[in-house]
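Here is the structure we will look at, set down as structure tokens.
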Amino acid sequence: MTSREQDLIRTARHQIETISTVIGDFQSRSSGANTTSLGSNWIVPGYSILHVIHSGGQGVVYQARQESTGRPVALKILLKDALASDQERLRFEREAHILGRIDHPGVVRIIDRGCVGDRQWLAMDLVRGRALSWYFVDAERL
């Protein structure tokens, strides 16, 4: 492995650790509960939030159940809510708009979207498997 690749891996690890800290703070404020469940303090109408699947720079993804159909979904919630910059909000909206127009088996499908207070969310098909970061954080596994 080259020194450039090692630097990239170190940077990615640091970013994920930083994001994980922010996510933990976010979950504690949102739920008043532990870091694996938002409890009943955080409500997205029509969905029951079950647990955290993954987090990234833009948001937190939860496994949820769509109440009207009972199907499992991935619910992505914008991380910074009212503190998000206009650019971050536009990027989140653009993601929803683009994914809503794509119909391809290799691209996750948007089921629904909305806003609760200042916090935007997307409901998407639930795709099971490893998080993409698994392949980048610990390159030695490959």
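Under the classification rounded if a/c is under 1.5, otherwise prolate if a/b is larger than b/c and oblate if not, where does the range 70-120 fall, given a ≥ b ≥ c as square roots of the Cα gyration tensor eigenvalues?
oblate
If amide hydrogens are placed 1.01 Å from N in the peptide plane, which non-local residues have theirs closer than 5 Å to the one on GLY59?
Those lying under 5 Å, H to H, from GLY59 are LEU79.
Averaged per residue, what accessible area in Å² does the range 59-111 show with a 1.4 Å probe, protein chains only? Show your work: numbers first, answer last.
On the way: 3160 Å² over 53 residues.
Spelled out: the 1.4 Å probe surface of the range 59-111, per residue, equals 60 Å².
Going by average Cβ neighbours within 10 Å, how do the peptides 46-53, 118-125, 72-79, 96-103 rank, with the highest at the top? It would help to have the intermediate numbers written out before the result.
Details: 46-53: 16.4, 118-125: 18.4, 72-79: 21.4, 96-103: 11.9.
Going by the mean number of other Cβ atoms within 10 Å, highest first, we get 72-79, 118-125, 46-53, 96-103.
The values are calculated or read from the model by the stated rules, or taken from the named source; none is laboratory data. These numbers were taken from a predicted model, which means no experiment stands behind them. Glycine also receives a Cβ, built like all others from the backbone with ideal geometry; neighbour counts cover every protein chain displayed. Accessible surface areas use protein heavy atoms only, side chains included; no ligands, DNA or RNA. Shrake-Rupley method; radii C 1.70, N 1.55, O 1.52, S 1.80 Å.
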